[in-house]
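Asks: First, the structure itself, so that you have it in front of you.
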Amino acid sequence: MPDCIFCKIVAGEIPSDIVYQDDEIIAFKDINPQAPHHILIIPCRHIETILDLTTDDTALIGKMILNANNIARKLGLSKNGYRLVFNCKHDGGQDVYHIHLHLLGGRKMTWPPG
Ligand code: 5GP
Ligand code: ZN
């Protein structure tokens, strides 16, 4: 297991502002928010990139997305919408190599992304 900041958040070794937690996934506020609401939804299990997902993880990824939707509803984002993003490796802009789904909302997003 590499020295992983998100595994440490799962283990409670690094504090975070948790908005949802169960035995498979955890969601917490991004430390450097890029929108009025910026939540990260991650699996508790260490998976480096979305390229490492297998068919065994189909339910896990589905659960992450459905959980993001639930959080968005609770944050009042369902009327105007929001953005869900997985960054993958260097060109995708991935900095933390433990997969995470970004939930961004509360402002109009631009396209194309930077
Ligand atoms: P990436 O660039 O890998 O897609 O996104 C990593 C995200 O993790 C960034 O938005 C960054 O602000 C966030 N992040 C990095 N370290 C921490 C931390 O220790 N705590 C929290 N809450 N977010 C973090
Ligand atoms: Zn990890």
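The values are calculated or read from the model by the stated rules, or taken from the named source; none is laboratory data. Since this is a predicted model, take the numbers as computed values, not measurements. Cβ sites come from the backbone with ideal geometry, for glycine too, and all protein chains shown count toward neighbours.
Asks: Quick check on my filter: what residues within region 26-42 are part of a strand (DSSP E or B) and either of a type in the set (S, T, N, Q) or over 17 Å from Asp95 (Cβ atoms) (or both)? Quick ask: steps written out before the conclusion?
Replies: If we filter region 26-42 for residues that are part of a strand (DSSP E or B), which is where we start, we get 26-29, 37-42.
Hits for region 26-42 are Ile26, Ala27, His37.
A quick yes/no check of all residues on (1) assigned to a loop (DSSP other than H, G, I, E, B); (2) in contact with a strand residue (DSSP E or B) (Cβ under 7 Å, 6 or more places away or on another chain); (3) within 22 Å of Asp17 (Cα to Cα):
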position	(1), (2), (3)
Arg45	yes, no, yes
Asn70	no, no, yes
Arg73	no, no, yes
Asn80	yes, no, no
Leu84	no, yes, yes
Asn87	yes, no, yes
Val96	yes, no, yes
Pro112	yes, no, no
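Asks: When only residues in region 18-46 that are of a type in the set (Asp, Glu) and either within 15 Å of Met64 (Cα to Cα) or over 13 Å from the mean Cα position of the chain (by Cα) (or both) count, which is surrounded by the fewest Cβ atoms within 10 Å (Cβ to Cβ)? It would help to see each step written out before you state the result.
Replies: Within region 18-46, the first condition is being of a type in the set (Asp, Glu), and the residues that meet it are 22-24, 30.
Now narrow it down to the ones that are either within 15 Å of Met64 (Cα to Cα) or over 13 Å from the mean Cα position of the chain (by Cα) (or both): 22-24.
Working: Asp22: 10, Asp23: 6, Glu24: 13.
The residue in question is Asp23.
Asks: Further question: Need the failing condition index for Cys44 against (1) near ligand 1 (Cβ under 10 Å from one of its atoms); (2) in contact with an Asp or Glu (Cβ under 8 Å, 6 or more places away or on another chain), just the number.
Replies: (1)
Asks: For region 1-51, give me each residue that is farther than 24 Å from Leu75 by Cα, in contact (Cβ under 8 Å) with a residue 24 or more places away in the chain and within 14 Å of ligand 2 (Cβ to nearest atom).
Replies: Met1, Pro2, Cys4, Ile5, Cys7, His46, Ile47, Glu48, Thr49, Ile50
Asks: Let me ask something else about it. Considering region 47-64 alone, what residues qualify as being surrounded by 13 or more Cβ atoms within 10 Å (Cβ to Cβ) and away from ligand 1 (no atom under 16 Å from the Cβ)? Don't jump to the end; show me each part of the working.
Replies: Of region 47-64, the ones surrounded by 13 or more Cβ atoms within 10 Å (Cβ to Cβ) are 47-50, 53, 57, 60-61, 63-64.
Residues satisfying the conditions are Asp57, Leu60, Lys63.
Asks: Across region 1-41, what is the total count of residues that are more than 12 Å from ligand 1 (Cβ to nearest atom), among the hydrophobic types (A, V, I, L, M, F, W, C) and modelled with pLDDT of 95 or more?
Replies: Residues of region 1-41 more than 12 Å from ligand 1 (Cβ to nearest atom): 1-3, 11-12, 20-25, 36-37.
Now restrict to residues that are among the hydrophobic types (A, V, I, L, M, F, W, C): 1, 11, 25.
Keeping just the survivors that are modelled with pLDDT of 95 or more gives 11, 25.
Residues in region 1-41 being more than 12 Å from ligand 1 (Cβ to nearest atom), among the hydrophobic types (A, V, I, L, M, F, W, C) and modelled with pLDDT of 95 or more: 2 in total.
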